[in-house]
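The values are calculated or read from the model by the stated rules, or taken from the named source; none is laboratory data. Please read all numbers here as calculations on a predicted model, not as lab measurements. Positions of Cβ are backbone-derived with ideal geometry, glycine not excepted, and every protein chain shown enters the neighbour counts. Ligands, DNA and RNA are stripped out before the accessible areas are found, and what is left, the full protein with its side chains, is counted by its heavy atoms. Shrake-Rupley method; radii C 1.70, N 1.55, O 1.52, S 1.80 Å.
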Amino acid sequence: MATILAIESSCDETAAAVCCDAKILSNIIATQKIHEQFGGVVPELASRAHMQHIVPVVDAALKKANCNLSDIDAIAFTQAPGLIGALLVGGQFAKSLALSLNKPLIAVHHMQAHVLANLIADPKPTFPFLCLTVSGGHTQIVLCESPLSMTVIGQTIDDAAGEAFDKTAKIIGLPYPGGPLIDKYAKEGNPNRFQFPEPQIQGLDFSFSGLKTSILYFLNNAGASNVYKQEFVVSQEDRAAFIAQNLNDICASVQQRIVSILLNKLSKAALQTGIKEICIAGGVSANSGLRKGLQEMGEQKKWNVFIPPFEYCTDNAAMIAITGYYKYLAGQYDDLNIAPSAKSSW
Ligand code: KG4
Ligand code: ZN
């Protein structure tokens with residue numbers, strides 16, 4: 001039996017979890033509200049909030065799991081990628097615990113952990129499986145052959161899917177993070193009302209920056225025409241009125257396009273690899289349009305589709321714990337001098 005304490009602090013969520021073997025005993029998350037007023041995550045404020053939250057969050061995770069520090073066999077933490085100051089807080093805390101308890105330290109890659117979130121709850125995929133990982137900073141199709149053997153076979157060449165949602169929301173005038181709000185308004189809207197272009201990117205890679213620009217130009221021309229032009233052809237007041245009157249349809253149409261871009265590439269990857277075990281992961285996998293679209297595509301193409309419970313989709317420490325557990329089993333421990341990395345070294 002192995003009990004792992006895991007810490008996640010890569011962005012604006014301070015999270016801790018405890019697992020005993022592959023079973024999650026606790027999963028605590030403190031979301032930082034301070035960023036909402038700035039329309040995006042402010043790195044320095046994130047680091048400070050992590051420092052405030054980390055002790056109570058780890059404490060709560062241990063209590064919920066009915067554990068003491070003496071019960072812990074290893075400390076896992078998110079080492080990369082993420083905001084460097086934010087990673088430093090969780091990393092230093094994990095190192096201090098590992099040193100003082102004289103227990104192994106296990107560095108976890110945040111994106112690999114998102115993929116392995118699919119191994120937390122039943123039903124679980126069998127290997128090999130494909131995972132569409134869609135978050136605020138990444139969009140990847142990952143071929144996963146075993147818990148610790150993964151290959152990225154497609155990824156975005158510019159914005160991530162979450163960024164496409166968040167930046168669109170910002171253009172529309174919705175607060176950060178805009179993804180969940182677009183999802184909410186889209187439920188009431190007509191997804192076929194407005195047509196946004198699908199990028200022509202070869203292979204399994206994605207691109208979202210053109211879509212963002214087309215939405216910007218479309219709104220700048222709001223109500224006047226369907227022609228995408230950079231300059232405003234309507235007044236700011238008319239633009240705002242157009243958005244207000246058509247908010248649900250705009251959100252539904254944007255969401256439909258983002259979802260179709262994601263699912264078309266996933267379908268291509270399944271065809272190329274011959275794999276029919278299909279998973280999703282990352283914050284955007286909480287999107288109801290993507291979940292529904294994936295289920296429908298899965299039925300049509302006879303895939304086995306796996307969608308993690310909501311709490312394991314967005315950033316959380318349970319996924320760090322499960323990844324830490326598999327690394328513990330494989331004896332993949334790290335030195336106390338391991339440095340956090342903002343970049344994805346994967
Ligand atoms: O994985 P995650 O929690 O953090 C990162 O590692 O980036 O993903 C956050 C992203 C944000 O862009 C957020 O807007 C998006 O996930 N997101 C959603 C939904 N819930 C979260 N996007 C669309 N629909 C949602 N329901
Ligand atoms: Zn994430």
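Looking at Gly274, Gly298, can you tell me which residue is free of Cβ contacts under 8 Å to residues at least 40 places away in the same chain, exposed (fewer than 15 other Cβ atoms within 10 Å of the Cβ), more than 30 Å from Gly91 (Cβ to Cβ) and of a type in the set (Gly, Ala, Ser)?
From the options Gly274, Gly298, the qualifying one is Gly274.
Scanning the stretch 286-316 for residues that are assigned to a helix (DSSP H, G or I) and within 8 Å of ligand 1 (Cβ to nearest atom) returns Ala286, Ser288, Gly289, Leu290, Cys313. Listed by first and then second residue, the pairs linking a residue in the stretch 175-194 that is modelled with pLDDT of 95 or more to a residue that is assigned to a loop (DSSP other than H, G, I, E, B) and more than 6 Å from ligand 1 (Cβ to nearest atom), with Cβ atoms under 6 Å apart and 6 or more places separating them unless they lie on different chains, are Leu181/Leu174. Considering the stretch 117-156, the residues that are part of a loop (DSSP other than H, G, I, E, B) and within 14 Å of ligand 2 (Cβ to nearest atom) include one that is surrounded by the fewest Cβ atoms within 10 Å (Cβ to Cβ), namely Gly137.
Taken over the stretch 54-101, the criterion of being open to solvent by less than 20 Å² (accessible area, probe 1.4 Å) and of a type in the set (Val, Ile, Thr) is satisfied by Ile54, Val57, Val58, Ile72, Ile75, Thr78. Taking the criterion of being open to solvent by 60 Å² or more (accessible area, probe 1.4 Å) and over 24 Å from the mean Cα position of the chain (by Cα), the residues of the stretch 331-346 that qualify are Gln332, Tyr333, Asp335, Leu336, Asn337.
Of all positions in the stretch 26-42, none carries a residue that is more than 18 Å from Lys343 (Cα to Cα), over 23 Å from the mean Cα position of the chain (by Cα) and of a type in the set (Gly, Ala, Ser).
Does Glu231 count as part of a loop (DSSP other than H, G, I, E, B), open to solvent by 50 Å² or more (accessible area, probe 1.4 Å) and either modelled with pLDDT under 90 or of a type in the set (Lys, Arg) (or both)? Yes; evaluated as a whole, the condition is true for this residue. When the test is whether a residue is away from ligand 2 (no atom under 15 Å from the Cβ), open to solvent by less than 20 Å² (accessible area, probe 1.4 Å) and at pLDDT 95 or above, Ile24 does not pass it. Filter the stretch 163-209 down to residues that are within 16 Å of ligand 2 (Cβ to nearest atom) and touching a Pro at 6+ places or on another chain (Cβ under 7 Å), then give me how many there are. Going through the stretch 163-209 one residue at a time, the tally reaches 1.
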